[in-house]
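Student: Please see the structure below; I have some questions.
What follows draws every value from the coordinates through simple rules; no lab data is involved. A quick note: this is a predicted structure, and the numbers were derived from the prediction, not measured. Glycine also receives a Cβ, built like all others from the backbone with ideal geometry; neighbour counts cover every protein chain displayed.
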Amino acid sequence: MALTIINHPLILDKLTRMRRQETSSKDFRENLNEIGQLMAYEVFRDIPLTEVEITTPVAKAKGQTVGIPVVLIPIIRAGLGMTEGIQKLVPTSRIAHVGLYRNEETLQPVQYYAKPTEEMDKSYVLVVDPMLATGGSGAKAIEIAKGWGAKNIKFVCLVAVQEGVDKLQKEHPDVEIYTASLDPKLNEKGYIVPGLGDAGDRIFGTK
């Protein structure tokens with residue numbers, strides 16, 4: 001499984017803004033959506049195209065259009081913060097949902113919601129979450145997507161650590177990972193260091 005770190009200057013600038021403790025929820029959300037949109041250019045690089053014939057104001061011409069359904073699967077809550085930016089580029093994409101929370105004692109994911117879309121087996125699927133920490137939630141969400149029939153799956157996050165990457169590579173070696181940063185480590189509570197803090201709380205202004 002490939003790991004792609006998308007370290008474009010505009011992404012790194014926005015990520016630095018998000019890391020700052022004093023950044024407001026509004027600015028955090030806006031930068032997260034913008035990074036999601038910028039990352040999507042690289043993530044969709046290999047999406048299949050279909051040739052079509054169109055008519056321009058001048059003449060008939062051949063063109064290309066996205067030839068496969070696209071499904072975004074945000075891991076609720078924080079994954080919702082990245083979907084808007086990606087969906088702006090692919091407005092026809094469908095959104096499935098996976099609700100997971102982390103047991104703070106065991107650090108294991110607990111599922112509380114899951115809703116697929118149609119034609120999962122024929123779709124280009126992105127599982128989306130800003131953080132890839134222990135990897136438990138990401139691995140579980142991919143497992144759920146595969147249970148729905150999804151085959152062409154990519155995992156897209158903003159910040160990752162090697163432990164999370166290793167877990168996804170071990171459990172889902174067929175899934176490519178895209179991130180904007182590979183941070184150094186996890187702390188004793190399973191949070192990424194330096195990371196962003198709790199992305200869900202920062203997106204929605206909760207504690």
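Student: Compute the signed sum of charges (Lys and Arg +1, Asp and Glu -1) over the other residues within less than 11 Å, Cβ to Cβ, of residue 27.
Tutor: It works out to a net charge of +3.
Student: With a cap of 16 neighbouring Cβ atoms within 10 Å, and only residues DSSP puts in a loop, list the trypsin sites (Lys or Arg not before Pro) found in region 127-186.
Tutor: 151
Student: Run the helix sum for the chain: -39,500 (n - 2.57) per DSSP H stretch of 4+ residues, divided by residue count, reported at 222 nm to the nearest 500 deg cm²/dmol.
Tutor: Helices in the chain give a 222 nm mean residue ellipticity of -10000 deg cm²/dmol.
Student: Then there's this: As I understand it, the dipole of region 1-148 uses +1 on the Cβ of Lys and Arg and -1 on the Cβ of Asp and Glu, about the Cα centre. Which of 24, 139, 12 lies farthest toward its positive end?
Tutor: The listed residue farthest towards the positive side: 24.
Student: Taking only Cα atoms, what is the 0 to 90° angle, nearest 10, from helix 25-43's long axis to the longest principal axis of the chain?
Tutor: Helix 25-43 sits at roughly 50 degrees to that axis.
Student: Against the longest principal axis of the chain, how steep is helix 9-19, in degrees 0 to 90 to the nearest 10, with axes from Cα atoms?
Tutor: 30
Student: Explain nothing, just the number: relative contact order of the chain, from Cα pairs under 8 Å at least 6 residues apart, as a whole percent.
Tutor: 22
Student: Another question, if that's okay. If you take every residue apart from residue 136 with its C-beta less than 15 Å away from the C-beta of residue 136, what net charge results, scoring Lys and Arg +1 and Asp and Glu -1?
Tutor: That works out to -2.
Student: Would you be so kind as to identify which of 90, 187, 149 lies farthest towards the positive end of the dipole of region 87-195, taking Lys and Arg as +1 and Asp and Glu as -1 on Cβ and the Cα centre as origin?
Tutor: After comparing all options, I get 90.
Student: If we count other beta carbons within 10 Å of each Cβ, what is the order of 207, 26, fewest first?
Tutor: In order of increasing Cβ crowding within 10 Å: 207, 26.
Student: While we're looking at this one, here's another question. Assuming a ≥ b ≥ c are the square roots of the Cα gyration tensor eigenvalues, decide whether region 1-154 counts as rounded (a/c under 1.5), prolate (otherwise, with a/b larger than b/c) or oblate.
Tutor: oblate
Student: Something else: For the pairs 14/207; 122/185; 14/60; 140/185; 26/170; 14/122, flag any whose C-alpha to C-alpha distance is greater than 32 Å.
Tutor: Over 32 Å apart, Cα to Cα: 122/185; 14/60; 26/170; 14/122.
Student: Now, a different point. Nearest 5 is fine: what % of DSSP beta bridges in region 30-180 come out antiparallel, could you say?
Tutor: That works out to approximately 40 percent antiparallel.
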